[in-house]
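Novice: I'd like to ask some things about the structure below.
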2 protein chains.
Amino acid sequence: MNVPGTFTLGPGDGNARTGCLTTAHGDVETPIFMPVGTQGTVKSLCPTDLHDLKAQIILGNTYHLYLRPGDELVAKLGGLHRFMGWDGPILTDSGGFQVFSLSGLRQIAEEGVTFSSHIDGSRHLFSPEKVIAIQQNLGSDIMMVLDECVPYGADRAYTEKSLALTTRWARRCRQAHPGGHRGQLLFGIVQGGFFKDLRAESAAQLLEIGFDGYALGGLSVGESREEMYDILGDATPLLPADRPRYLMGVGAPRDLLAGMAAGIDMFDCVLPTRNARNGTLFTFQGKVNIKRAEYREDDTPLDPTCPCYACQTFSKAYLRHLYVARELLSYRLNTLHNLTFFSIMMERARQAIRDGRFAAFRAEMEAVYPTDEEQTEE
Amino acid sequence: MNVPGTFTLGPGDGNARTGCLTTAHGDVETPIFMPVGTQGTVKSLCPTDLHDLKAQIILGNTYHLYLRPGDELVAKLGGLHRFMGWDGPILTDSGGFQVFSLSGLRQIAEEGVTFSSHIDGSRHLFSPEKVIAIQQNLGSDIMMVLDECVPYGADRAYTEKSLALTTRWARRCRQAHPGGHRGQLLFGIVQGGFFKDLRAESAAQLLEIGFDGYALGGLSVGESREEMYDILGDATPLLPADRPRYLMGVGAPRDLLAGMAAGIDMFDCVLPTRNARNGTLFTFQGKVNIKRAEYREDDTPLDPTCPCYACQTFSKAYLRHLYVARELLSYRLNTLHNLTFFSIMMERARQAIRDGRFAAFRAEMEAVYPTDEEQTEE
């Protein structure tokens, strides 16, 4: 049994690579897509569903869990795994992204970021030390450092200043968690906006500090696909090859493929789960908007080749009915299906990389998911 | 294999009785509680969940399914069983109750009742022949006649006039479905408000027409528990002993016990499913309001003896968190638990009747569910 943090590379294909990351709650085959379980549940699914769809690792949100039910309560109840009944690996973000995107009144200072709860307006401080303590209480297998996610369009002066603070925060996070604590890994996050030299500077600073893995943050924040791919192609090689590389908040099929092609190992996004709740379903024949009238009398499964319970049991007509009637079962069946699709797509991608035919697989998937598809959807 | 409609009585205890009703989709052990699946789904649950909790028969609502997705569409897609992936017995109501309770502008005439859709305001007519045709399209195993559910407080003159119409409608329903059509059974509904002689008149008229089973309608409409029990005790013996007896819309544990004690075989109610979504959970130790602060740190299962997935997997603290956070999983776990409780309670009741100790079982349950409990909750 490998110690947590062990990362073994398997066969690669071009820059794309396969690997296996060991965590305190088991191994994760990479490249991997991580379903988002914001508040201690992947919305509408239970742990049995997650096992059925072969989810290997899920994500929890520090901001949400800190506010409700509270990280100290979760610790008292045995940690997030026990609390939510999920025995597989969990990655938690630092809460920074939510603070910057959800919270209205926020103040950034050297100490950390002060923000208002979206639940009751109460004021809170997230410092580097605080977000580490919270994630230690949650007991996640992979923790993320506190960073400032620079808004799209920020100028060079703002981005430089922000990056310097992000690096100082990263160093304080590492100091607060020198390693070893219950096998919890700590990943650094490369920022630097859309300035390539700042991205390089950020990566070099994080490498000097030393982390168990490295993420690219601040992408998929409103830029064009071309801009994102440009930074992705440039910044990914700056991350050490022997450590897992994580592209944060990216989840459109086309972007996962671009990420893998650049050498990324881990992804997370609310896209498959949020789209499920909006009636947008992913199949290997393309996206299906289940509310469309054309499915009203459609007695065929959404995807006859899909092993998920929704496709094995129900017709598109029934899925449409549930969606139109706003039935609770609609959210669950749609979520189960979309995450099954993402799970299978990633398994196929891993196999394609192992077989040295990743470019062909990517082209095949891109034909089904053309460029006009939304990057992330609300 | 018995033909649909066969009803075999087992051991009884006082007026309480056990039995087995054969339908075209299998046998139902009575007394039975039927979960309500209004729009082609028991809210938040899938058929696998229903099998897990040993649901033997579920209810569908004609009014809702007629409006959406439409009974003709359901017929085209192979009937309600196939549409919703449930291979067990289904009972459908006539739609009358919903028309009288949900629909604002409604007009009663000899022909039937004209009403406005709650979805788009469109005007529709439910005649006796129409509700039979709809239920034939749905393909339910047990169909109900169209009746007028007299509002609580209606005077004798109104009730007499309404009963006469209800009886004429019942006769037209029987004529529209003389029997045999795909094994679909047809039940009559005793009305007559809170006038015992009118109840007797209604029962005699229905018996003369002849149905596969007989229901008591127009109870649990706002009357006191004493009034309901009075009518229940008086009217149940008017129903033939060799046919299943169904008490409509009643579901509080105390009322199920009173119904069984009077000789009722079948019940339905939204209470366990609706209460689940409101965070009120049933256990053999009494009702639990899961949102209460006392459960915030409670690491114990809701009911350690309950075999449901929620009790076997999660703590009360987690169930509370899901409820407070309005997570979709909350509705499902709570519903799964409440229906499991009702399923087990009814199984225990059947066993108590077989063992000749029903009175003791009833007293035991009444101690846990005292009289101040709400009869039906919104």
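Novice: Among the candidates A:Leu165, A:Leu247, single out the residue that is open to solvent by less than 10 Å² (accessible area, probe 1.4 Å) and aliphatic (A, V, I, L, M).
Specialist: From the options A:Leu165, A:Leu247, the qualifying one is A:Leu247.
Novice: Take the residues in the range A:11-47 that are among the hydroxyl-bearing types (Ser, Thr, Tyr) and within 21 Å of A:Gly139 (Cα to Cα), then tell me which one is nearest to the other protein chains (Cβ to nearest Cβ).
Specialist: Looking at residues that are among the hydroxyl-bearing types (Ser, Thr, Tyr) and within 21 Å of A:Gly139 (Cα to Cα), I get A:Thr41.
Novice: Select from the range B:330-362 the residues that are within 11 Å of chain A (Cβ to nearest Cβ) and closer than 12 Å to B:Leu256 by Cβ and list them in ascending order.
Specialist: Residues satisfying the conditions do not exist here.
Novice: Something else about it: Applying the selection to the range B:90-114, what residues are open to solvent by less than 50 Å² (accessible area, probe 1.4 Å), more than 30 Å from B:Ala24 (Cβ to Cβ) and in contact with a Lys or Arg (Cβ under 9 Å, 6 or more places away or on another chain)?
Specialist: Result: B:Thr114, single match.
Novice: Sticking with this structure for a sec: Report whether or not A:Ala235 is open to solvent by 10 Å² or more (accessible area, probe 1.4 Å) and in contact with a strand residue (DSSP E or B) (Cβ under 9 Å, 6 or more places away or on another chain).
Specialist: In short, no.
Novice: Would you check which residues across the range A:48-69 are within 9 Å of chain B (Cβ to nearest Cβ) and either of a type outside the set (S, T, N, Q) or over 23 Å from B:Ser44 (Cβ atoms) (or both) and list them?
Specialist: Residues satisfying the conditions are A:His64, A:Arg68, A:Pro69.
Novice: While we're on this one: Just give me the residues in the range A:190-226 being of a type in the set (Phe, Trp, Tyr) and either modelled with pLDDT under 95 or open to solvent by 40 Å² or more (accessible area, probe 1.4 Å) (or both), in sequence order.
Specialist: Of everything in the range A:190-226, those that are of a type in the set (Phe, Trp, Tyr) and either modelled with pLDDT under 95 or open to solvent by 40 Å² or more (accessible area, probe 1.4 Å) (or both) turn out to be A:Phe194, A:Phe195.
Novice: Let me ask you something else. I'd like to know if the range A:335-350 contains one or more residues that are of a type in the set (Val, Ile, Thr) and crowded, with 24+ Cβ neighbours inside 10 Å.
Specialist: Looking through the range A:335-350, at least one residue is of a type in the set (Val, Ile, Thr) and crowded, with 24+ Cβ neighbours inside 10 Å.
Novice: Need the failing condition index for B:Gly78 against (1) within 23 Å of the chain's Cα centre (by Cα); (2) open to solvent by 30 Å² or more (accessible area, probe 1.4 Å), just the number.
Specialist: (1)
Residue-wise test of (1) under 24 Å from A:Thr8 (Cα atoms); (2) touching a helix residue (DSSP H, G or I) at 6+ places or on another chain (Cβ under 8 Å); (3) assigned by TED's automatic domain parsing to the domain that holds A:Leu163.
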| residue | (1), (2), (3) |
| --- | --- |
| A:Leu219 | no, yes, yes |
| A:Met228 | no, yes, yes |
| A:Ala241 | yes, no, yes |
| A:Gly259 | yes, yes, yes |
| A:Ile264 | yes, yes, yes |
| A:Arg292 | no, yes, no |
| A:Tyr295 | no, yes, no |
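Novice: Can you confirm whether B:Asp27 is part of a strand (DSSP E or B) and of a type outside the set (S, T, N, Q)?
Specialist: yes
Novice: Just need a number here: residues in the range B:303-334 that are under 12 Å from B:Leu281 (Cβ atoms), among the charged types (D, E, K, R) and either under 25 Å from the mean Cα position of the chain (by Cα) or open to solvent by less than 10 Å² (accessible area, probe 1.4 Å) (or both).
Specialist: 1
Novice: Grab the helices (runs of 4 or more DSSP H) fully contained in the range B:230-329, keeping just those with 2 or more residues being within 14 Å of chain A (Cβ to nearest Cβ).
Specialist: B:271-277, B:309-313, B:316-324
Novice: Just give me the residues in the range A:58-71 being buried (at least 24 other Cβ atoms within 10 Å of the Cβ) and of a type in the set (Gly, Ala, Ser), in sequence order.
Specialist: A:Gly60
Novice: Can you tell me how many residues in the range B:37-57 are surrounded by fewer than 24 Cβ atoms within 10 Å (Cβ to Cβ) and closer than 29 Å to B:Asn15 by Cβ?
Specialist: 3
Novice: Given the conditions (1) out of contact with any Phe, Trp or Tyr (no Cβ under 8 Å at 6 or more places or on another chain); (2) crowded, with 22+ Cβ neighbours inside 10 Å, which single one is not true for B:Phe187?
Specialist: (1)
Novice: Report yes if B:Gly286 is open to solvent by less than 10 Å² (accessible area, probe 1.4 Å) and in the same structural domain as B:Gly95 (by TED's automatic domain parsing), otherwise no.
Specialist: No: the conditions fail for B:Gly286.
Novice: Now, a different point. Residue check: is B:Gly85 within 14 Å of chain A (Cβ to nearest Cβ) and on the phi > 0 side of the Ramachandran plot?
Specialist: yes
Novice: Right, another one. What do you reckon, is B:Ala367 among the small types (Gly, Ala, Ser), buried (at least 22 other Cβ atoms within 10 Å of the Cβ) and modelled with pLDDT of 95 or more?
Specialist: Against the criterion (among the small types (Gly, Ala, Ser), buried (at least 22 other Cβ atoms within 10 Å of the Cβ) and modelled with pLDDT of 95 or more), B:Ala367 does not qualify.
Novice: A further question on this structure: Scan the range A:1-32 for residues that are farther than 22 Å from A:His51 by Cβ and acidic (Asp, Glu) and jot them down.
Specialist: A:Asp13
Novice: Has the range B:100-113 got any residue that is in a strand (DSSP E or B) and more than 23 Å from the chain's Cα centre (by Cα)?
Specialist: For the range B:100-113, residues in a strand (DSSP E or B) and more than 23 Å from the chain's Cα centre (by Cα): present.
Novice: Which of the residues spanning the range B:121-153 are among the aromatic types (Phe, Trp, Tyr) and open to solvent by 10 Å² or more (accessible area, probe 1.4 Å)?
Specialist: Scanning the range B:121-153 gives a single hit, B:Tyr152.
The values are calculated or read from the model by the stated rules, or taken from the named source; none is laboratory data. Since the structure is predicted, the reported quantities are computational estimates derived from the model, not experimental observations. Every residue, glycine as well, gets a Cβ built from its backbone with ideal geometry; the counts of neighbours run over all protein chains shown. To get the accessible areas, we keep the full protein, side chains included, count just its heavy atoms, and leave off ligands, DNA and RNA. Shrake-Rupley method; radii C 1.70, N 1.55, O 1.52, S 1.80 Å.
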